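Structure record follows, encoded as structure tokens.
Derivation of every value follows stated rules applied to the coordinates shown; laboratory data play no part. In this text, all values refer to a predicted model and were calculated from it rather than measured experimentally. Here the Cβ is made from the backbone with ideal geometry for all residues, glycine too, and neighbour counts use every protein chain on show.
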Amino acid sequence: MTFRSRISMRAGLSVVALSVAGPALAQADPARAPVQILDDGLLAIMKGGSGLGAAGRAAKIGPVVDQTFDIGLITRLSVGPDWVKVAPADQTALVAGMRRLTVAQYAANFSSYSGQSFTIDPKIETRGADKLVRTTLSAPKDDSVAIGYRLRQSGGKWRIVDVYYRNAISQLATRRADFESIFAKGGAKALISHLDALAAKTGR
């Protein structure tokens with residue numbers, strides 16, 4: 001075989017390799033990445049368990065929440081139409097309170113490890129401008145739990161804006177129903193206090 005023939009064959013093989021790899025790469029939906037990052041972060045704090053303690057788990061999962069959730073949008077959607085009535089300083093305080101609550105809940109709910117694992121459904125559903133990524137949390141001695149995530153693109157990145165427990169119960173809808181009555185009675189200040197109290201109670 002001549003040198004030119006070998007070059008031609010290698011070039012041909014490269015084209016074949018690219019034609020095979022191309023569709024596989026095209027199927028990798030970017031909305032999957034934030035959910036994978038969150039799953040990995042949750043497993044890390046579960047494995048840290050009591051050794052990390054509640055404060056340690058919160059410190060470890062906090063940056064993961066910042067990277068994967070759109071806390072600002074979640075807060076605004078949770079408050080609903082009343083958001084436009086909130087002063088800018090109180091809006092900032094509400095977003096901070098929502099972050100503390102989200103971090104505290106993950107640190108409390110994922111506090112120990114006994115062989116759990118996450119599986120992400122490869123079929124990612126498009127709903128208008130949003131994506132729905134479904135996962136399953138499995139454990140050797142417990143029933144599997146389905147958890148769905150709705151993501152929306154912001155600043156060129158996909159971020160989680162809602163969580164569906166057992167793919168049915170919307171965390172966003174639940175919070176909005178809870179916040180509506182509190183805001184109606186005491187406005188933004190009451191809602192800030194409510195978030196702070198929930199975060200403190202959850203983080204114990």
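So the values come out like this:
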read-out	value
Peptides 85-98, 166-179, 34-47, 115-128 ordered by average Cβ neighbours within 10 Å, highest first	34-47, 85-98, 166-179, 115-128
Ellipsoid equivalent to region 156-204 - semi-axes via the Cα gyration tensor, in Å	23, 14, 13
Additional length obtainable on full extension of the chain from Val145 to Ile169, 0.36 nm per residue less Cα span	7.4 nm
Volume in Å³ per residue [convex hull over Cα atoms, computed for region 81-187]	145
Relative contact order (percent, whole number), region 28-197, Cα cutoff 8 Å, 6+ residue spacing	25
Modelled FRET efficiency - R0 35 Å, Asp178 with Glu125, Cβ distances, 0.05 increments	0.80
Ranked list, fewest to most other Cβ atoms within 10 Å of each Cβ, for Val133, Val65	Val65, Val133
Under the span-like rule (Cα at least 24 Å along the axis, Kyte-Doolittle mean at least 0.0), DSSP H helices of the chain	3-26, 32-68, 88-109
Selected from Ala190, Gln91, Ala55, residue furthest toward positive end of dipole (region 28-197; charges at beta carbon)	Gln91
Correct option for Cα Rg over 2.2 N^0.38 Å [calculated from the coordinates] among (i) 1.10; (ii) 0.94; (iii) 1.31	(iii)
Using a Förster distance of 35 Å, the FRET efficiency for Phe118-Ala59 (Cβ separation, nearest 0.05)	0.95
Members of Lys47/Lys201; Lys131/Lys189; Lys123/Lys157; Lys157/Lys201; Lys47/Lys123; Lys141/Lys201 lying beyond 26 Å, as alpha-carbon distances in this model show	Lys131/Lys189; Lys157/Lys201; Lys47/Lys123; Lys141/Lys201
